[in-house]
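The values are calculated or read from the model by the stated rules, or taken from the named source; none is laboratory data. Values in this document were obtained by computation on a predicted structure and should not be read as measured data. Using ideal geometry, Cβ is built from the backbone for each residue, glycine included, and neighbour counts are taken over all protein chains shown. Each accessible area value is taken on the protein alone, full model and side chains, heavy atoms only, with ligands, DNA and RNA left out. Shrake-Rupley method; radii C 1.70, N 1.55, O 1.52, S 1.80 Å.
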Amino acid sequence: QVQLVESGGGLVQAGGSLRLSCAASARTFGSFAMGWFRQAPGKERELVAGIKWIGDSTYYEDSVKGRFTISRANAKNTVYLQMNSLKPEDTAVYYCAAGYGLQYMSNTYNYWGQGTQVTVSS
């Protein structure tokens, strides 16, 4: 069983920054991957960033490269998404996700957090 608890969403002005956090519990973290998805109204859920728990392999969707950074704190079983230079089009519900497999494959992720709203005002 994998349990995810996320936090850090809120309202921020364009150009601002926000950091999302997700704490994970699992039987083992071998081959574990964690990522962040987002879903805006009327759009499909998309994988924004992913990271392997063991190793240093990351994935970013093109639209967030250079602005978002995914990182992990293994001792805390926590993954972060640092979001800088936020734009109104980043507005969405952001979901922490986890699974066993490749961090850049959407179908890796089959465990989900509750979602947190990120709203970027113009």
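Couple of notes before you dig in:
- Test result for Arg72, of a type in the set (Lys, Arg) and either within 10 Å of the chain's Cα centre (by Cα) or in a loop (DSSP other than H, G, I, E, B) (or both): no
- Residue check for Gly66: in contact with a Ser or Thr (Cβ under 9 Å, 6 or more places away or on another chain), open to solvent by 80 Å² or more (accessible area, probe 1.4 Å), not hydrophobic (A, V, I, L, M, F, W, C) and not in a strand (DSSP E or B): yes
- Within the range 83-103, restricting attention to residues that are among the hydroxyl-bearing types (Ser, Thr, Tyr) and at pLDDT 95 or above, the residue that is most open to solvent (accessible area, probe 1.4 Å) is Ser85.
- Residues (within 17 Å of Arg67 (Cα to Cα) and surrounded by fewer than 13 Cβ atoms within 10 Å (Cβ to Cβ)) located in the range 1-29: Gln13, Gly15, Ser17
- Flag if Tyr80 is among the hydroxyl-bearing types (Ser, Thr, Tyr), open to solvent by 30 Å² or more (accessible area, probe 1.4 Å) and part of a strand (DSSP E or B): yes
- Of all residues in the range 110-120, those satisfying the criterion of being open to solvent by less than 80 Å² (accessible area, probe 1.4 Å), out of contact with any helix residue (DSSP H, G or I) (no Cβ under 8 Å at 6 or more places or on another chain) and under 29 Å from Ala14 (Cβ atoms) are Gly113, Gly115, Thr116, Thr119.
- Screening Gly55 with (1) free of Cβ contacts under 8 Å to residues at least 24 places away in the same chain; (2) touching a Phe, Trp or Tyr at 6+ places or on another chain (Cβ under 9 Å); (3) open to solvent by less than 60 Å² (accessible area, probe 1.4 Å) gives one miss only, at (2).
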